[in-house]
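The structure appears right after this line, and notes come after that.
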Amino acid sequence: MKRGLLRAYSAGFTALTRIADVVLVIGGAVLAYALRFRRVPDALPLEYTAVVVIAALLVALLFPMIGVYRSWRARGLRAPVGQALLGWSAVYALTLLMLVLVKENEQLSRWWMGLWFLSTAAALLLLRAGVYMLLRTLRAHGYNLRKAVIVGCGAQAHALLRRARDPAWAGFEVAAVFDPGVDACHVEDTSVRPLAELGAFVAAHAIDEAWISLPLEQSARLGPVLTQLRSSTANVRYVPDLLGLFLLNNGVTEILDTPMLDLCATPMQGFNRALKRAEDVLLSMLILLLISPLLLLIVLAVKLTSRGPVLFRQKRHGWDGREIEVWKFRSMRMHHETPGAVTQARREDPRLTRFGAFLRRSSLDELPQFFNVLKGDMSIVGPRPHAVEHNALYMGLIDHYALRHTVKPGITGWAQINGWRGETETVDKMKSRIEHDLYYIEHWSLGFDLRIIALTLVRGFANKNAY
């Protein structure tokens, strides 16, 4: 009975939100017209009305298709707001495209179109913020909660329990934890029951959600758990206990029509890969155009202050561990290395030329790598490429070291702006650099890249560790 009322409430809430969105699109059009023409119309002119009606129909059709009305339960405000703004942007773009195709765009005020988009976007945002705060208040006082049970006592199960309790507005109440009989199970403030009682408990207490959290090696126990729930109408979800594993960009990918759980995967796939490449090409071309006079001056200075080529070329590992040739302005005198060894630059290195020391302190020796970026071997932002010999050394000393090669190496990176650059004379220093590299890969976004570039401009060129 209670579950039926909850579902009816959810359906009614979604229907009201759909109606409200259509009303806001129409109201936003009227408000925009009043602002543009400084009068409140009794009715919009016919050409304006036709456009608004089409947009309202598109909202009714497209918003459900792109997930605007998915449940807000246990999700932050960013999710519903972002989905609504994305949906409205898509509707607005389709409306503009339609106007251009039928050659009716000249009949409408451009100022009205812009004001309509902004006023409707603001209204959609305010609606969701208001409803979100209302639901948060209600759930914090114990209303509109869904009951859940957890099967498992591992780290993942305890994490689920903590998240359900804090924040209180998440919208779930964990009624019990069920011991799968693997280890001793201790949970504070929640009753722990034997697995044999699971089916009866779920039926007697109108449980809405059953979360099964078992380690991968205990997946054979999944069968008996599902047997207990075979007569239940609760949502049953499997949450593999992966907290003991090192994960990188974990998620679910469908390959050969089969969902696969990603344990370690590159973020540079599909749209992300195209976006990253566009960022690299556009910014590199702009930067090279701006610094071209500086590049010419450095070329002349290197040639005049020491013998040898202007560029220093070194084999390093790039994306997927492939060898690439990285270019730098030569900062050292010509010398011979022991075969198979690369000596890192150190403080007051006698091999540095006077001008080369300045280049390294200011990081200007790295500027030719923007051509590596245009070539496609590097990115502007990413883990710094290490010499092939250093990779061979640290691969066996540092866990997950090879994962830094799941993206292209960069001219600057999260490790570098946090001080982990220059000589790494100890394994611990290299571990810290790798930790920052993997953090960057795990949290990559266009915004994160732009943040790193901005921080590099502020503090990344001159650094006490650059020598």
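Mind counting the residues in the range 84-113 that are open to solvent by less than 30 Å² (accessible area, probe 1.4 Å) and part of a helix (DSSP H, G or I)? Give the derivation first.
Start the filter on the range 84-113 by keeping residues that are open to solvent by less than 30 Å² (accessible area, probe 1.4 Å), which leaves 84, 87-88, 91, 95, 99, 108-109, 112-113.
Of the ones still in play, those that are also part of a helix (DSSP H, G or I) are 84, 87-88, 91, 95, 99, 112-113.
Selection size over the range 84-113: 8.
Considering only helices (runs of 4 or more DSSP H) fully contained in the range 295-401, which possess at least 1 residues that are surrounded by 13 or more Cβ atoms within 10 Å (Cβ to Cβ), polar (S, T, N, Q) and at pLDDT 90 or above?
On the way: elements: 354-362, 369-375, 388-395.
Output list reads 369-375.
Among residues belonging to the range 430-449 that are open to solvent by 20 Å² or more (accessible area, probe 1.4 Å) and among the hydroxyl-bearing types (Ser, Thr, Tyr), point out the one that is farthest from Gly270 (Cα to Cα).
Ser432
Going by the conditions given, is Val427 of a type outside the set (Asp, Glu), in contact (Cβ under 8 Å) with a residue 12 or more places away in the chain and within 20 Å of Val281 (Cα to Cα)?
Values: of a type outside the set (Asp, Glu): yes; in contact (Cβ under 8 Å) with a residue 12 or more places away in the chain: yes; within 20 Å of Val281 (Cα to Cα): no.
So Val427 does not fit the description; no.
On the basis of being closer than 18 Å to Leu115 by Cα, part of a helix (DSSP H, G or I), at pLDDT 90 or above and among the aliphatic types (A, V, I, L, M), does Leu31 make the cut?
Considered against the rule, which asks whether it is closer than 18 Å to Leu115 by Cα, part of a helix (DSSP H, G or I), at pLDDT 90 or above and among the aliphatic types (A, V, I, L, M), Leu31 comes out as yes.
Just for the range 222-233: of the residues that are open to solvent by 20 Å² or more (accessible area, probe 1.4 Å) and in contact with a strand residue (DSSP E or B) (Cβ under 9 Å, 6 or more places away or on another chain), which one is nearest to Gly154 (Cα to Cα)? Talk me through it step by step, then tell me what you get.
We begin by selecting, within the range 222-233, every residue open to solvent by 20 Å² or more (accessible area, probe 1.4 Å); these are 222-224, 226-228, 230-233.
Then drop every residue that is not in contact with a strand residue (DSSP E or B) (Cβ under 9 Å, 6 or more places away or on another chain), which leaves 222, 226, 228, 232.
On the way: Leu222: 15, Leu226: 19, Gln228: 20, Ser232: 24 Å.
Among them, the one singled out is Leu222.
Can you report the number of residues in the range 174-192 which are at pLDDT 80 or above and surrounded by fewer than 17 Cβ atoms within 10 Å (Cβ to Cβ)? Spell out how you get there, then give the answer.
Taking the range 174-192 and keeping what is at pLDDT 80 or above, we get 174-179, 192.
With the extra rule that they be surrounded by fewer than 17 Cβ atoms within 10 Å (Cβ to Cβ), the set shrinks to 192.
So the answer is 1.
Find the residue count for the range 197-221, including only residues that are over 34 Å from the mean Cα position of the chain (by Cα) and either modelled with pLDDT under 85 or not in a helix (DSSP H, G or I) (or both).
Within the range 197-221, the subset over 34 Å from the mean Cα position of the chain (by Cα) is 197-206.
Filter again for either modelled with pLDDT under 85 or not in a helix (DSSP H, G or I) (or both), leaving 205-206.
Summing the residues that are over 34 Å from the mean Cα position of the chain (by Cα) and either modelled with pLDDT under 85 or not in a helix (DSSP H, G or I) (or both) in the range 197-221 gives 2.
I'd like the residue in the range 48-83 that is open to solvent by 30 Å² or more (accessible area, probe 1.4 Å), in contact (Cβ under 8 Å) with a residue 24 or more places away in the chain and part of a loop (DSSP other than H, G, I, E, B) and, out of all such residues, is farthest from Leu145 (Cα to Cα).
If we take residues in the range 48-83 being open to solvent by 30 Å² or more (accessible area, probe 1.4 Å), in contact (Cβ under 8 Å) with a residue 24 or more places away in the chain and part of a loop (DSSP other than H, G, I, E, B), then Ile66 is farthest from Leu145 (Cα to Cα).
When only residues in the range 307-332 that are of a type in the set (Asp, Glu) and at negative phi count, which is farthest from the chain's Cα centre (by Cα)? Spell out the reasoning first.
Residues of the range 307-332 that are of a type in the set (Asp, Glu), as a first pass: 320, 323, 325.
From what is left, the residues that are at negative phi are 323, 325.
Working: Glu323: 28, Glu325: 30 Å.
By that ranking, first place goes to Glu325.
Just for the range 1-26: of the residues that are open to solvent by 80 Å² or more (accessible area, probe 1.4 Å) and aliphatic (A, V, I, L, M), which one is modelled with the highest pLDDT? Before you say what the answer is, go through the steps one by one.
Step one: of the range 1-26, the residues open to solvent by 80 Å² or more (accessible area, probe 1.4 Å) are 1-2, 5, 7, 9, 16, 18-19, 23.
Still in the list and also aliphatic (A, V, I, L, M): 1, 5, 16, 19, 23.
Details: Met1: 45, Leu5: 49, Leu16: 88, Ile19: 91, Val23: 94.
Taking the candidates together, the pick is Val23.
Among Met260, Met285, which is open to solvent by 40 Å² or more (accessible area, probe 1.4 Å) and at pLDDT 90 or above?
Numbers: Met260 fails: at pLDDT 90 or above.
Of Met260, Met285, the one residue that is open to solvent by 40 Å² or more (accessible area, probe 1.4 Å) and at pLDDT 90 or above is Met285.
Pairs please, first residue from the range 27-47 and loosely packed, with under 11 Cβ neighbours inside 10 Å, second anywhere and in a helix (DSSP H, G or I) and modelled with pLDDT of 90 or more, Cβ atoms under 8 Å, 6+ apart in sequence or on different chains.
Sorted first by the residue in the range 27-47, then by its partner, the pairs are Val40/Val30; Val40/Ala34; Ala43/Thr49.
Evaluate the range 369-392: report whether one residue or more is more than 22 Å from Lys315 (Cα to Cα) and touching a residue at least 12 places away in the same chain (Cβ under 8 Å). Before you say what the answer is, go through the steps one by one.
Applying the first criterion (more than 22 Å from Lys315 (Cα to Cα)) to the range 369-392 yields none.
No, that holds for no residue.
I need a count of the residues in the range 402-422 that are closer than 16 Å to Val326 by Cβ and not in a helix (DSSP H, G or I).
Pass one, the range 402-422, residues closer than 16 Å to Val326 by Cβ: 404-405, 407-413, 416, 421.
Then drop every residue that is not not in a helix (DSSP H, G or I), which leaves 407-413, 421.
The total comes to 8.
Please specify each residue of the range 273-323 satisfying the condition of being touching a Pro at 6+ places or on another chain (Cβ under 7 Å) and among the aliphatic types (A, V, I, L, M). Please lay out each step first, then the result.
Our first condition is that a residue be touching a Pro at 6+ places or on another chain (Cβ under 7 Å); within the range 273-323, this holds for 311, 316-318.
If the condition is that a residue be touching a Pro at 6+ places or on another chain (Cβ under 7 Å) and among the aliphatic types (A, V, I, L, M), then Leu311 is the only one that fits.
The values are calculated or read from the model by the stated rules, or taken from the named source; none is laboratory data. Values in this document were obtained by computation on a predicted structure and should not be read as measured data. Note that each Cβ is placed from the backbone with ideal geometry, even for glycine, and that neighbours are counted across all protein chains shown. Note: accessible area is taken over every heavy atom of the protein model, side chains too, but ligands, DNA and RNA are not part of it. Shrake-Rupley method; radii C 1.70, N 1.55, O 1.52, S 1.80 Å.
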